[in-house]
Amino acid sequence: MAQLVAENLGWRAAFFVTAIGPLVMLTVSALLKPVEPKPAAGRLLNFAPVLRNTSAMGFVLGYGAHCFELYGIRTWIVAFWTFVVAQSGDSALVSPITVSVIVTLLSLPASILGNEAALRFGRHRAISLVMIASAGVALAIGLNAGSSPLLLLALVLIYGFTIPADSGALTSGTTASATPAYRGATLALHSTVGFGLSALGGWSAGVALDAAGGPAQPAGWLALFALLAAGVLLGPVALRWSQRGR
């Protein structure tokens with residue numbers, strides 16, 4: 001939407017449109033019924049009990065691996081598809097913005113279905129399988145970066161489904177594994193780790209891209225997708241670690 005508004009009404013208008021969401025949420029928050037919080041036990045900002053909860057920390061670290069991959073591709077998907085269009089020389093191809101929108105829209109059904117699979121087959125197993133599959137698709141995209149646009153479009157759409165499929169299961173796993181008295185602190189750490197690695201994902205993917213030849217070379221994109229694959233594969237490692245001794 002921001003892209004369409006910017007093209008027709010100017011980039012300033014695009015910022016005004018995206019500002020509507022936070023204003024709506026401020027209004028909704030103001031209308032919510034106040035809840036009296038219960039005083040927390042212990043010191044403020046005491047994360048030691050959270051860090052000792054290895055079961056919850058497995059999901060927290062897994063969420064970090066997920067966010068590293070998710071925001072790495074969200075940062076670079078438009079640039080990657082611009083490269084694909086330029087390589088093919090076919091101006092009739094799906095535009096980079098359209099590809100980005102489709103990939104983003106896939107997040108909602110993918111996250112819901114992934115969480116349902118986690119409930120049916122077990123969170124650790126479902127999340128690990130999704131992450132391994134996502135890493136495999138990332139490598140397939142990187143290895144075929146200079147290949148047929150139709151093949152790449154199919155792989156990118158599959159990737160758009162596998163990346164967010166573990167998101168809901170990871171967050172619900174953190175919530176369920178948290179000690180009730182420290183659930184807020186656990187979710188705070190969950191978000192901090194996730195969004196910290198989100199920033200690192202976009203930045204380090206760009207470093208890998210430049211180091212391997214830049215955005216005009218298939219080798220550069222192979223390096224980028226290989227890095228994202230390596231990042232998300234740390235998720236199953238973290239989940240395995242969290243189960244030690246069980």
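The values are calculated or read from the model by the stated rules, or taken from the named source; none is laboratory data. Note that the coordinates shown come from a computational prediction; the quantities given were computed from them, not determined experimentally. For neighbour counting, all protein chains shown are included, and Cβ atoms are generated from backbone atoms with ideal geometry for every residue, glycine included.
Take the residues in the stretch 188-201 that are surrounded by fewer than 17 Cβ atoms within 10 Å (Cβ to Cβ) and under 16 Å from the mean Cα position of the chain (by Cα), then tell me which one is nearest to Leu227 (Cα to Cα). Step by step, filter the stretch 188-201, then rank; the result is Leu200.
Here's the yes/no breakdown for (1) surrounded by 14 or more Cβ atoms within 10 Å (Cβ to Cβ); (2) over 23 Å from the mean Cα position of the chain (by Cα):
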{"site": "Leu23", "(1), (2)": "no, yes"}
{"site": "Leu32", "(1), (2)": "no, yes"}
{"site": "Tyr63", "(1), (2)": "yes, no"}
{"site": "Glu69", "(1), (2)": "yes, no"}
{"site": "Arg74", "(1), (2)": "yes, no"}
{"site": "Val84", "(1), (2)": "yes, no"}
{"site": "Gln87", "(1), (2)": "yes, yes"}
{"site": "Ser95", "(1), (2)": "yes, no"}
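Yes or no: the stretch 94-108 includes at least one residue that is more than 20 Å from Leu4 (Cα to Cα), modelled with pLDDT of 90 or more and either assigned to a helix (DSSP H, G or I) or not hydrophobic (A, V, I, L, M, F, W, C) (or both). Checked the stretch 94-108: at least one residue is more than 20 Å from Leu4 (Cα to Cα), modelled with pLDDT of 90 or more and either assigned to a helix (DSSP H, G or I) or not hydrophobic (A, V, I, L, M, F, W, C) (or both). Among residues of the stretch 206-235 being crowded, with 21+ Cβ neighbours inside 10 Å and within 18 Å of the chain's Cα centre (by Cα), the one that is farthest from Ala145 (Cα to Cα) is Gly235.
Scanning the stretch 158-187 for residues that are among the small types (Gly, Ala, Ser), more than 17 Å from the chain's Cα centre (by Cα) and either at pLDDT 95 or above or part of a helix (DSSP H, G or I) (or both) yields Ala176, Ser177, Ala181, Gly184, Ala185. Among residues of the stretch 72-91 that are in contact (Cβ under 8 Å) with a residue 24 or more places away in the chain, those with a Cβ under 7 angstrom from a residue that is polar (S, T, N, Q) and assigned to a helix (DSSP H, G or I), sequence gap 6+ or separate chain, pair up as Ile77/Ser100. Annotation for the stretch 75-91: at least one member residue is polar (S, T, N, Q), in the same structural domain as His190 (by TED's automatic domain parsing) and outside any helix (DSSP H, G or I).
Those residues that are part of a helix (DSSP H, G or I) and among the hydroxyl-bearing types (Ser, Thr, Tyr), I need them from the stretch 109-157; list them, please. Before the answer, list the steps.
Step one: of the stretch 109-157, the residues part of a helix (DSSP H, G or I) are 109-121, 123-143, 149-157.
Within the stretch 109-157, Ser111, Ser128, Ser134 meet the criteria.
Of note, Val60 does not satisfy the criterion of being in contact with a helix residue (DSSP H, G or I) (Cβ under 8 Å, 6 or more places away or on another chain), within 30 Å of Leu150 (Cβ to Cβ) and part of a helix (DSSP H, G or I).
Considering (1) surrounded by fewer than 15 Cβ atoms within 10 Å (Cβ to Cβ); (2) over 18 Å from the mean Cα position of the chain (by Cα), the lone condition that Thr104 does not fulfil carries the number (2). Condition check for Ala2 on (1) closer than 28 Å to Gly206 by Cα; (2) at pLDDT 90 or above: one failure, at (2).
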